[in-house]
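*Asks:* Following this message is one structure expressed as structure tokens.
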Amino acid sequence: MPSPLIRSARRTDEAALARIDHATWSTLHAVQPRPQPDAPFFDERHGPEQYLVAEVDGEVAGYIRVVPPTPLPASTHVRQIQGIAVAESARGRGVARALIRTACAWAAERGARRMTLRVLGHNTAARKLYESEGFRVEGVLPEEFLLGGTYVDDVLMGRSLED
């Protein structure tokens, strides 16, 4: 099985990324309402420069969004994963792991020393994947979200990029 190709996002990826975003939406990992099928993926706050894209067999198969966690100069050494999704057809092929590893390397090459993320407490599979990639729980906001009638913890995770 070939490894996924990870590259910077392009404007021309928008339709494929929007389809993946809509198809993979779930309260297992999302706190925002389901994106509309015709909604643009990129907007004034979320441009292609914030995304890495995975291709499998020449098709867009997933993405990861990596941004500074705040606009403050004091945190320019930190990057945060603020979204990751893999098309159902590409699951089980190492796409999410490749996106995470490439995002960490990409951030480190640009001077970041830390990578952080937030994951919902009930998303056990994602938490295990992040832990296997060196992320550790650094905090928990108990019952931070009400999703589908259930209160869900917001788990803060992070790792050094200097390993």
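The values are calculated or read from the model by the stated rules, or taken from the named source; none is laboratory data. Note that the coordinates shown come from a computational prediction; the quantities given were computed from them, not determined experimentally. No Cβ is skipped: glycine too gets one built from the backbone with ideal geometry, and neighbour counts run over all protein chains shown. All accessible areas refer to the heavy atoms of the entire protein, side chains included, with ligands and DNA or RNA removed. Shrake-Rupley method; radii C 1.70, N 1.55, O 1.52, S 1.80 Å.
*Asks:* Could you check how many percent of all C-alpha pairs in segment 98-163 are farther apart than 15 Å? Before the final figure, lay out the partial values.
*Replies:* Numbers: 1146 of 2145 pairs.
Taking all Cα-Cα pairs of segment 98-163, the fraction more than 15 Å apart is 53 percent.
*Asks:* Tell me, what is the Rg over Rh of segment 1-67, with Rh the Kirkwood radius over Cα pairs? Walk me through the numbers before you get to the answer.
*Replies:* Details: Rg = 12.1 Å, Rh = 12.6 Å.
Using Cα coordinates only, the ratio equals 0.96.
*Asks:* Counting heavy atoms of the protein chains only and a 1.4 Å probe, report the per residue accessible area for the chain as a whole number of Å².
*Replies:* Values: 9190 Å² over 163 residues.
Accessible area per residue, the chain: 56 Å².
*Asks:* Shifting gears a bit: Mean shadow of the chain, computed from the convex hull of its alpha carbons, in nm²? Walk me through the numbers on the way to the answer.
*Replies:* Numbers: hull surface 39.7 nm².
Taking a quarter of the hull surface, the average projection is 9.9 nm².
*Asks:* A follow-up question, please. Per the 1.4 Å probe, what fraction of the accessible area of the chain, in percent, lies on carbon and sulfur atoms?
*Replies:* 51
*Asks:* In Å and from the alpha-carbon atoms only, list the Rg and Dmax of segment 63-106.
*Replies:* That works out to 12.6, 41 Å for Rg and Dmax.
*Asks:* Mind ranking 91-97, 44-50 by how tightly packed they are, going by the mean number of other C-beta atoms within 10 angstrom, highest first?
*Replies:* Details: 91-97: 17.1, 44-50: 11.7.
Per-residue mean Cβ counts within 10 Å order the peptides as 91-97, 44-50.
*Asks:* Can you run phi through the Karplus equation (6.51, -1.76, 1.60; θ = phi - 60°) for segment 133-147 and list ³J(HN,Hα) in whole Hz, with x for Gly and Pro?
*Replies:* Each residue's phi maps through the Karplus curve to give 9, x, 7, 10, 5, 10, x, 9, 9, x, 6, 5, 10, 10, 10 Hz.
*Asks:* Along the Cα-to-Cβ line of THR150, 7 Å from the Cα, sits a label point; which residues in segment 20-52 have backbone N less than 18 Å from it?
*Replies:* Taking a point 7 Å out along Cα→Cβ of THR150, the residues of segment 20-52 whose backbone N falls under 18 Å are 25-34.
*Asks:* Sticking with this structure for a sec: State, to one decimal in nm, how far the label point of ARG45 lies from the label point of GLN32, with both points 7 Å from Cα in the Cβ direction.
*Replies:* The modelled label-to-label distance comes out at 0.8 nm.
*Asks:* Spin-label point model (7 Å from Cα, Cβ direction): what's the ARG110 to ARG7 distance in nm?
*Replies:* Once both label points are built, they end up 1.8 nm from each other.
*Asks:* Taking the Cβ-Cβ separation of ASP57 and VAL140 as r and a Förster radius of 45 Å, what is the calculated FRET efficiency to the nearest 0.05?
*Replies:* Working: r = 39 Å, r/R0 = 0.86.
The calculated FRET efficiency here is 0.70.
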